[in-house]
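The values are calculated or read from the model by the stated rules, or taken from the named source; none is laboratory data. What you see is a predicted model, and the numbers here were worked out from it, not measured in a lab. Neighbour counts run over all protein chains shown; Cβ positions are idealised from the backbone, glycine included.
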Amino acid sequence: MAKRDVIQQFRAKPGKRFRIRDFDPAWNGGKEAKRDAERLLTRNLERLTEAQDLLWSTGRYALLIVLQAMDAAGKDGLITHVMSGMNPQGCQAFPFKQPSSEDLQHDFLWRYEKSLPARGRIGIFNRSYYEEVLVVRVHPEWLDRQNLPPRGHGKKLWRQRYQDINAFEKHLVSNGTVILKFFLNISEREQRKRLLERLEDPTKHWKFSEADLAERAYWDKYMEAYQDAIGATSTEEAPWHIIPADHKWVSRWLVSEVLAKTIESLDLKFPRATKEKLAALNKAIKLLKKD
């Protein structure tokens, strides 16, 4: 299989109309793709290990990875596999659940700001501030808990939140945070299959929640919410990537490719030692050789 520019192929192009149906959740790259993808994933994990060292040593950029998906799309497994070669001291995942009472007393971005990665580090948001224009849009009654000032709760509110998100991400990027956003695009049919596996396999019962089934009833509304949110917030500064997720090996390969290629595009170099540092290193070498 010829290696493709996956960053371009699966990117929601800023400024152009976005339609989820234009992206095939079952895409697998062709007959020989799986064999090549496994080899490329292994290579990408090596690239990511070196890339993390560059991020850490230079301290110039932070990397924020945003993962959004329907239930059972494989977010947890992707994090485990793609980040397996990372040093945990410089990489942390945040699985955001429902907001606490304290969170609800602040603006919708507040609790996420507290978990942003510092320069040199990698932060992974397993669900994110996009929940506020996805699940809250599908369930607008949840807005009542946020005690917002009296104003329209219809399309105007979602447009305002898209603008707030774009401004927030633009601010982060201008201050050294690289943002990569991934929508793991699973089909309704594949989700049904995976949920059944959770129910039928005792070792996976812990993963199942009755809420997973309840939310399936809102599938079309979620797809509409995702389509509008991605179309409004895929920008040059922080683009969305629509990752086929019906085959887990595909999503892991593609995400690793995007991550490695993006960090490498920063053209980072390990810091050069100063004269004073070199002198100290040479002194240390001589002392050790005398031992």
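General remarks:
- Against the test of being surrounded by fewer than 17 Cβ atoms within 10 Å (Cβ to Cβ) and either at pLDDT 95 or above or not hydrophobic (A, V, I, L, M, F, W, C) (or both), the options 92, 52 yield a single qualifying residue, 92.
- Against the test of being more than 24 Å from residue 168 (Cβ to Cβ) and either under 16 Å from the mean Cα position of the chain (by Cα) or among the acidic types (Asp, Glu) (or both), the options 67, 78, 63, 45 yield a single qualifying residue, 78.
- Pairs, first under 13 Å from residue 247 (Cβ atoms) and at pLDDT 95 or above in region 186-197, second in a helix (DSSP H, G or I) and basic (Lys, Arg), C-beta under 9 Å, six or more apart: 186/194
- Residue in region 26-42 that is modelled with pLDDT of 95 or more and within 27 Å of residue 161 (Cα to Cα) present: no
- Scanning region 243-271 for residues that are closer than 16 Å to residue 70 by Cβ and either touching a strand residue (DSSP E or B) at 6+ places or on another chain (Cβ under 8 Å) or of a type in the set (D, E, K, R) (or both) gives 243, 244, 245, 246, 248, 251.
- The residue that is nearest to residue 169 (Cα to Cα), among those in region 220-269 that are buried (at least 18 other Cβ atoms within 10 Å of the Cβ) and charged (D, E, K, R), is 228.
- So residue 37, is it more than 30 Å from residue 132 (Cα to Cα), over 18 Å from the mean Cα position of the chain (by Cα) and surrounded by 21 or more Cβ atoms within 10 Å (Cβ to Cβ): yes
- Positions within region 153-178 being over 27 Å from residue 143 (Cα atoms) and surrounded by fewer than 20 Cβ atoms within 10 Å (Cβ to Cβ), in sequence order: 173, 174, 175, 176
- Matching residues in region 164-193 - criterion: being touching a Ser or Thr at 6+ places or on another chain (Cβ under 8 Å) and among the basic types (Lys, Arg): 170, 181
- Counting the residues of region 1-18 that are at pLDDT below 85 and either surrounded by 15 or more Cβ atoms within 10 Å (Cβ to Cβ) or closer than 13 Å to residue 253 by Cα (or both) gives 5.
- Test for residue 111: is it over 24 Å from residue 253 (Cα atoms), in a loop (DSSP other than H, G, I, E, B) and not acidic (Asp, Glu): no
- Residue 131 vs. criteria modelled with pLDDT under 95 and over 30 Å from residue 270 (Cα atoms): no
- Entry remark, region 128-141: residues being in contact with a helix residue (DSSP H, G or I) (Cβ under 8 Å, 6 or more places away or on another chain) and either more than 16 Å from residue 160 (Cα to Cα) or of a type in the set (A, V, I, L, M) (or both) number 6 in total.
- Flag for residue 283 being out of contact with any Phe, Trp or Tyr (no Cβ under 9 Å at 6 or more places or on another chain), more than 24 Å from residue 120 (Cβ to Cβ), part of a helix (DSSP H, G or I) and at pLDDT below 90: yes
- Subset tally (residues that are under 18 Å from residue 176 (Cα atoms) and touching a residue at least 60 places away in the same chain (Cβ under 8 Å)) for region 54-102: 13
- Condition met for residue 130 (in contact (Cβ under 8 Å) with a residue 40 or more places away in the chain, assigned to a helix (DSSP H, G or I), in contact with a strand residue (DSSP E or B) (Cβ under 7 Å, 6 or more places away or on another chain) and aromatic (Phe, Trp, Tyr)): yes
- Long-range neighbours under 6 Å by Cβ, at least six apart or interchain, first residue without any contact (Cβ under 8 Å) to a residue 60 or more places away in the chain and surrounded by 10 or more Cβ atoms within 10 Å (Cβ to Cβ) within region 141-152, second not in a helix (DSSP H, G or I) and not basic (Lys, Arg): 143/153
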